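Here the structure is laid out as structure tokens; the discussion comes afterwards.
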Amino acid sequence: MANANITTKPKKERKVKGKVVIDIEKCKGCELCRVVCKEDALVLSKEINHKGYRYIVAINDNCTGCVNCALVCPDAVIKVYRTNPKKKKELIAEIKNVQSSMDLKIDNPVVEDLQRMEYL
């Protein structure tokens, strides 16, 4: 019999919040950013962009502005902003001048990560 009194903890209110801006027309939906996002702030869309790829969409209510997504994006299509109540919104990460010969190595991958990346 299921317990009807099960409750979940509400997410902790953070003073510092993030905002992710993704250029969806350049995103190839590789999901590397989604794998490194600890806050589940990124999801793969059901729609496709003009290049024919499903692109990543940000759920900014969950974002902490950690910039992991921007750091791993091979196409540099992610900008991260961080808002602190004591300061105004500021750009934290924008990756530019990406070389086409960049490689990514994941040390000690988790099985779930490998399953998400099966097509790479």
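Enumerate the helices (runs of 4 or more DSSP H) found wholly within region 27-120, keeping only those where 3 or more residues are at pLDDT below 90. Talk me through it step by step, then tell me what you get.
Working: elements: 32-36, 68-72, 111-116.
In region 27-120, 111-116 are the helices (runs of 4 or more DSSP H) which contain 3 or more residues that are at pLDDT below 90.
Which members of region 72-85 meet the condition of being aliphatic (A, V, I, L, M) and touching a strand residue (DSSP E or B) at 6+ places or on another chain (Cβ under 7 Å)? Talk me through it step by step, then tell me what you get.
Going residue by residue through region 72-85, those that are aliphatic (A, V, I, L, M) are 72, 76-78, 80.
V77, I78, V80, listed by residue number.
The values are calculated or read from the model by the stated rules, or taken from the named source; none is laboratory data. Only a predicted model underlies this, so the values are computations on that prediction, with no experimental measurement involved. Here Cβ is always computed from backbone atoms with ideal geometry, including for glycine, and neighbour counts include all displayed protein chains.
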